[in-house]
Structure formats: structure tokens, C-alpha cells
Amino acid sequence: MENSIIIGLLQNIAILLAFTMLYENFWVKNEESKSLGTKILVGFILSGIGVILIFSPWRLGPGLVFDTRTVMISISGLFFGFIPAFITMLVTGIVRFLMGGDGIWMGIATIVTSGTIGLLWRYLRPSWRDGKYYLELLMMGLVVHLFMALSVFLLPPEKILYTFKTIAIPLIFLYTPATVLIGFLMLRQYFNAMNSKAVAKLEELEKRFLRVLESGNIVSLLLDVDGRVRYCNNYLSQITGYSKEEIMNQNWFTKFLPEEIKLHVYQIFCDSVVNKKIDNNIYNPIQTKSGEALYISWFNTVFYSESGEIEGVASVGVDVTERVQYEKMLEEKNEEYKEVNIKLKKAKDKAEVSDRLKSAFLANMSHEIRTPMNGILGFADLLKNPELPPEKQQQYIHIIEKSGLRMLNLINDIIEISKIETGVIHVHKEQVRISEMLDYVYTFFKPETDEKGLQFKTSITIREELIIKTDRDKLLSVLINLLKNAVKFTQFGSIELGCHVEGNNLFCYVKDTGTGIPENKQAVIFERFIQADPEDKMARQGAGLGLAISKAYIEKMGGKIGVQSEEGKGSEFYFTIPVC
């Protein structure tokens, strides 16, 4: 082997190494912030390296001359970008043109194709650095030198075959591996530079974070898995009265937590370490050196070693002692004020209710009281007759009992409407299973409808497990009032009880085939002491308070009540209440 081959090969290697050093020391550290002038300057430096390569070939035999410009130019396009690579292609292309010779067009073609392929690889495959980047470099090297092989067709015809046979093996086994090696070396430089930047940023962030922890009015704490203090900031020392030397390496739970919560909090800490999950946004008292209690609100996080093992818990805390003390004081005062207000309200309500009930009771007394009273007194007087037959006695006693029950119901209604008038009724919400309530009222009225020969139907489409939060007694009272009226005013046909859910409301109705309500009376039947037909014998058996009470109950529960009726054909009373 001739000395010129070794010398040329060493020269090319030295030049390519200089090329990689340029990338490592000048370009990669500030690649994103390069100015246009810098990119142009780098382009001319790369051009100089390319020209040196052109004039530093090595010969493997007579007529066989090699240099590594394709490796350098393709790698330039891949790593340096458009402007430096374009200048390199332009300058080296001009130099090769000026050199002339039979291979002028082949040389220019290899310069243009290698640089273009490097640029296309950079911009069309931007994520080539991720994953198996050595395969990417190998593929690019093969493509570059495939085009170099194809460029032999730009030689004079008599030299094409000879040249192709001569360069085929070196292109595959020398130039392509050289592309991979140079690219791999520069990629390592890129990764090292990125890692150095990341480490520098991390160190700077760590310094800033530590400055924040030391300067802010927050407690910073680092505990190992045994609960020993591995780090604390000055603020913890300030608020507790302990020096850092007295805190470091001490068991946090033994030294700072009150006796009554020590074991409980320590058990939570141990469970959190075992389960690798710790509670956040909690607060607990700690004891200062003087025995004073401070309340700290904590934000905690578990941190791990490189092997994934838990090393401890980092905690950041805010002193909320003043807030806790203020809240306790307010709570105590509020309890005192609540007791006073309850007493005052009870006294006030009692006086107002007493006065209003008295007024309402006296104002609403009517012949409805006299009618059953007359029946009681009259038939009681008839019972004085010693010659009265036993069957008549039983008949009169039954009338007296019926009149007494009627009077009792009337009095109860008057008292209830007086409560409504004075605003002393309240809704006591509880969980109510609707299906059970509907079954109850159906079972309650079924014997009465059977006795009158009426068909009692249901149309209930709610889920059996539907439970709503409402006032059970008031809802049951409304259903009983509506069904009682339906039975009372229906002599033939049927009564239907229905229920279903509409959006966020429970819709219930009672439909009958009774006498119906005149249209001019439908707007006022929910008023107190108003009846649909005062001349109706059935209607006169009552004070007209049931619907008024039902309307007040439904509205108090947040719902609405209404009626649809046609005289002589029946009525449908309906109401809605919220499901929740």
C-alpha cells in the first residue's frame, strides 16, 4: 500500500474529527439561538472543511481517488440545518466545477444530492433522534451513497462501468459506516450538551427552590421512612423555638406532636409509606419548645430513590394557628348566640302564634260546628226516653259518634289552617320510599271503594326503589285528602291513582268519574272555606279546608298543585314535588 493512501486516509479522518469538534464546541450548545450571521459564518467554515477534503483524497489504485465530502456534507445538512448546508454545497460545488476533469458533473451531483438528502432527513423526519437513531443514520448513509453510485452515469460512457465496479464496495463498507460513525459521534455530543443544559437548569431550579423555602413563611420538612427529620428550613426553627441542631435527625412524631394524636398520626404516616400514597391538605397541631400548640396545614408528597424505593416524605406547611383560634372563638360565640336566638324566637313565635291562632279560630267559626253539635245534643236527648227500642238506641249512638268524628276532623282542620295562616308549619325532610306510601294509601282506601262499588285503579310507573327526601306526613296527608274527596264525590265509575317522574319532579294525580267541578269554581277551590257546590249535600259535609291545607303543604315542599275537571264527567287533581 502506498504511503499516499495512509496519509490521505489520516488527513480525512483528522478533518472529519475537526468537523465534529466544530459541532460540539461551537454549534450544539446554542443551536436554537443562532443568528443569521452566525449560520452564514458556520456555512463558510464547513465549506472550508469540504474544500480541504476535496484536496486531500487518498488513492486505492491507479485512477481510483476517494475523499469523504459526501459524508461531511450529508451530516452537515442533518445536524446544522439549511443555511450552513446550502453554503457548503454552493462553495464546494463551485470549487469542484473549477477543478474540471471528466468527473466534474459526477462530483457536483454528489455534493448536491448528499447535502439535499441530509436536509430532507432533518426536516421530514424531525424525530429521527428518538428511538433507534443508528438505523436512521444507516438508512440515510445508504440513500446518500446510492445516489453517489447512480451519479456515475454522468461520467463519460467508457468510464461508467469501470468506475461503478471500483467504488461499489467502498461505498457500502467504507462510506456508509463512516456516515453512521460520524453521525453517532455528533449525536452523542448533542445528547451530552442537552444533558448538561438539563443538569444546569435543574441545579438552578434547585437553588431557587431552596431560596424560596428558606425565605418564605412556610414550613419545609423532609422526613425519612422512620420519621426522622432530614431537612427543615429556618422558618420551622423560628416558630417552634428549637435550633436546627435540636431538630435535625430527631423523630418528628416524638418531638413535635401532642401525646393524644402522636400514635394516630404516626400510624397514618407508616401506612402512607407502605401504600406509597399519602394524604394531602390536612392539618394538625404541633408543640413548640415552650409547649405552645401551633396548627400547621400540610401538603405532602412521597419521594423515591433511583431504584423506585420510597426514601421519605417531603412536606410543606402553612401556620394556620390564628385562623383555627379565630374559628374556634367564632364557633363558641355562634353557639351562644344560637341558644339566645332560639329562646327569643320561641318566645316570639309562641306569642304570635297564640295571637294569630286565636284570631283565626274566632274568625272562622261557622254553622259547621253547630251542625254536628246539634246532632249530638238532639240525639242524646232522644236517648233519654226509657221506652226507646234497642235498635233505635244503637242508631242514635251511631249518629252521635259520626257527628263527633265530623266535629273532631273539623276542629283539626281549623287548627291546621290556623298554623298555615300564622306561618308556623315546617317541612321535616326525610327519606321516603314512594312505592311504599302509594301501596299504603291504596290499601287504606280499597275497602271503602269496594263498599261503594267503585273501581280503584293505579297507574304507577316509578321505580320500586325510588326514594326522595321530603316531608312524609305532609305528602301522605295530601294523598289522603285528594283520595277522600274522590271517594266522597264519586258515586259510579272509577278512581285512579297515578304517579311518575317528570325531569326532576315527582308527578302524582288522583282522577275520578265523579260530579266534577264547574269551571267558574276551579280557580277558588283551593281557598279556605270554599266548596265547589255549596248546595250539594255531600259538599256541605265539611268546612272546605282540605284542599287549602293540601295546597299549603305542596307549596311548602317546593311543588305545585292544580286541577282539571269537567262538570258531570269527573275531576283530576295533580301535584308535583321535587325529587331531591
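The values are calculated or read from the model by the stated rules, or taken from the named source; none is laboratory data. Given the structure is predicted, the values throughout are model-derived calculations rather than measurements. Note: ideal-geometry Cβ built from the backbone for every residue, glycine included; neighbour counts use all protein chains shown. Calculation scope for accessible area: heavy atoms of the full protein, side chains included, ligands and nucleic acids excluded. Shrake-Rupley method; radii C 1.70, N 1.55, O 1.52, S 1.80 Å.
For the residues Ile286, Ile268, Ile247, Ile278, the requirement of being at negative phi and in contact with a Leu (Cβ under 6 Å, 6 or more places away or on another chain) singles out Ile286. Filtered by the rule that a residue be open to solvent by 30 Å² or more (accessible area, probe 1.4 Å), of a type outside the set (Gly, Ala, Ser) and not in a helix (DSSP H, G or I), the stretch 106-135 gives Arg125, Pro126, Arg129, Asp130, Lys132. Scanning the stretch 291-309 for residues that are open to solvent by 30 Å² or more (accessible area, probe 1.4 Å) and touching a helix residue (DSSP H, G or I) at 6+ places or on another chain (Cβ under 7 Å) yields one hit, Tyr295.
One line per residue, one yes/no per condition, for (1) assigned to a loop (DSSP other than H, G, I, E, B); (2) at pLDDT below 85; (3) within 19 Å of Asn234 (Cβ to Cβ):
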residue	(1), (2), (3)
Glu245	no, no, yes
Thr254	no, no, no
Leu263	no, no, no
Ile268	no, yes, no
Val274	no, yes, no
Ile286	no, no, yes
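Scan the stretch 23-52 for residues that are modelled with pLDDT of 70 or more, open to solvent by less than 60 Å² (accessible area, probe 1.4 Å) and assigned to a helix (DSSP H, G or I) and the total you get is 13. Of the residues in the stretch 60-79, none is at negative phi, open to solvent by 90 Å² or more (accessible area, probe 1.4 Å) and not in a loop (DSSP other than H, G, I, E, B).
With respect to being modelled with pLDDT of 80 or more and either in contact with a strand residue (DSSP E or B) (Cβ under 9 Å, 6 or more places away or on another chain) or of a type in the set (A, V, I, L, M) (or both), Leu174 falls outside the description. Filter the stretch 435-449 down to the residues that are closer than 21 Å to Glu464 by Cβ and charged (D, E, K, R) and list them by number. Across the stretch 435-449, the qualifying residues are Glu436, Asp439, Lys446.
Among the residues of this structure, Ile83 counts as one that is more than 30 Å from Leu155 (Cβ to Cβ), in a helix (DSSP H, G or I) and at pLDDT 90 or above.
Residue count for the stretch 501-546 satisfying the condition of being crowded, with 20+ Cβ neighbours inside 10 Å, more than 18 Å from Ile561 (Cβ to Cβ) and at pLDDT below 75: 1.
Scanning the stretch 140-163 for residues that are open to solvent by 20 Å² or more (accessible area, probe 1.4 Å) and under 15 Å from Gly77 (Cα atoms) turns up just one, Val143.
Matching residues to (1) in a helix (DSSP H, G or I); (2) under 17 Å from Tyr574 (Cα atoms):
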{"position": "Lys469", "(1), (2)": "no, no"}
{"position": "Lys474", "(1), (2)": "yes, yes"}
{"position": "Ser477", "(1), (2)": "yes, yes"}
{"position": "Ile480", "(1), (2)": "yes, yes"}
{"position": "Lys484", "(1), (2)": "yes, yes"}
{"position": "Ile495", "(1), (2)": "no, yes"}
{"position": "Cys499", "(1), (2)": "no, yes"}
{"position": "Cys508", "(1), (2)": "no, yes"}
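Taken as a whole, the structure places Gly103 among residues that are crowded, with 20+ Cβ neighbours inside 10 Å and either modelled with pLDDT of 90 or more or under 17 Å from Leu154 (Cα atoms) (or both).
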